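Notes to accompany the following structure.
The values are calculated or read from the model by the stated rules, or taken from the named source; none is laboratory data. From a predicted model like this one, the values you see are computed outputs, not experimental measurements. For neighbour counting, all protein chains shown are included, and Cβ atoms are generated from backbone atoms with ideal geometry for every residue, glycine included. The protein model used for the area step is the full one, side chains on, heavy atoms only, and it has no ligands, DNA or RNA in it. Shrake-Rupley method; radii C 1.70, N 1.55, O 1.52, S 1.80 Å.
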Amino acid sequence: MANSLENRQYFPAFAELPIVDEFLDPNYYMEVAGGGILPTKTWCFFAEIMDDSLSQMPEFFNRCEVRDITGETCSVLFGNDAGVFDFRELRVGVSLFVRYACKCYFSDLATQVLKVDDLSMAKVIAAPPDLLLGLSQYYYGDRGRCAGCRQALPAAGGLSWCPGCSAAAYCRDDCMQRHAREHRDHCHLCSELSSVLSIDFDRFVEPVPFR
Ligand SMILES: [Zn+2]
Ligand SMILES: [Zn+2]
């Protein structure tokens with residue numbers, strides 16, 4: 001399944017996320033020479049926005065409530081330390097993606113929340129996670145198959161790629177044309193998913209922002 005939203009190694013649920021300052025979770029971080037700490041990979045939390053009434057927190061935070069792929073709900077607090085983000089995109093029913101997401105304790109010291117300090121690590125795709133999971137599975141999870149006829153794609157050469165998203169691969173133009181009507185509604189979402197999925201998750205060189 002490689003780079004697919006179902007892959008929990010890369011797309012962990014809220015319960016599986018590392019906790020800031022708690023302990024060094026070897027699933028996510030390693031110590032490097034000189035005492036620094038670096039991620040071992042790139043991971044991305046994604047969830048559906050359930051409440052977009054961005055209650056303005058005292059001080060600097062915007063806030064929304066989300067539900068992850070396991071059904072667990074949590075709060076997301078946005079800082080404004082770095083990066084740009086259009087908060088108007090946070091609407092009920094859309095999907096929020098946060099790279100290198102970490103949990104921390106809310107000021108009541110009991111509730112875990114997700115805090116986004118670097119806004120360039122957050123991205124919204126205007127569709128619910130269920131739909132994106134399906135598209136991810138169809139177009140990215142099984143890249144060896146034609147998006148039209150679902151036959152195994154030839155190993156190299158002669159493929160037709162959708163020019164709109166470069167995510168849908170077809171064994172021949174004929175398949176692309178026959179699939180065009182079905183693909184049309186999802187083409188822009190496939191292209192958005194590309195920016196989430198088309199990176200090297202296993203290797204960390206430096207943080208990969210969405211913008
Ligand atoms: Zn085909
Ligand atoms: Zn397309």
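Let's see if you can work this out: charge +1 on each Lys and Arg Cβ, -1 on each Asp and Glu Cβ, no other charges. What is the dipole magnitude of the stretch 139-190 about its Cα centre, in debye to the nearest 20?
60
Place a point 7 Å from the Cα of SER166 along the Cα-to-Cβ direction; which residues of the stretch 123-151 have their backbone N under 16 Å from it?
The answer is 140.
Per q in 0.11, 0.13, 0.15, 0.18 1/Å, what log10 I(q)/I(0) does a Debye calculation on the alpha-carbon atoms of the chain return?
Computed log10 I(q)/I(0) values: -0.58, -0.77, -0.97, -1.27.
Take the chain, connect every pair of alpha-carbon atoms lying under 10 Å apart with a spring to form a Gaussian network, then pick out the residue of LEU135, LEU17, LEU159 with the largest mean-square fluctuation.
In the Gaussian network model the winner is LEU159.
Quick one: length gained pulling ASP142 to HIS188 fully straight, 0.36 nm per residue minus the C-alpha distance?
Here the answer is 14.7 nm.
Mind giving me the FRET efficiency for ILE199 and ALA126? R0 is 30 Å, r the Cβ-Cβ distance, nearest 0.05 is fine.
0.90
Relative to 2.2 N^0.38 Å, what does the C-alpha radius of gyration of the stretch 139-190 come to as a ratio? Two decimals please.
1.00
Given Cβ point charges of +1 (Lys, Arg) and -1 (Asp, Glu) and nothing else, what value in debye, to the nearest 20, does the dipole of the chain about its Cα centre take?
900
How big is D for the stretch 77-152, in µm² s⁻¹ as a whole number, if Stokes-Einstein is applied with the Kirkwood radius of its Cα pairs at 20 °C and 1.002 mPa s?
144
At 1.4 Å probe size, what's the solvent-accessible area of PHE106? Round to the nearest 10 Å².
Accessible area, nearest 10 Å²: 50 Å².
Out of residues 5 or more away from LYS115 or on other chains, whose amide H comes under 5 Å of its own, with H placed 1.01 Å from N in the peptide plane?
Distant-sequence amide H within range of LYS115: LEU77, CYS102, CYS104.
Extension gain ALA155-ARG178, at 0.36 nm per residue separation less the Cα-Cα distance, in nm?
The span from ALA155 to ARG178 would gain 6.1 nm if fully extended.
How much of the accessible area of the stretch 1-160, in percent, comes from carbon and sulfur atoms when a 1.4 Å probe is used?
52
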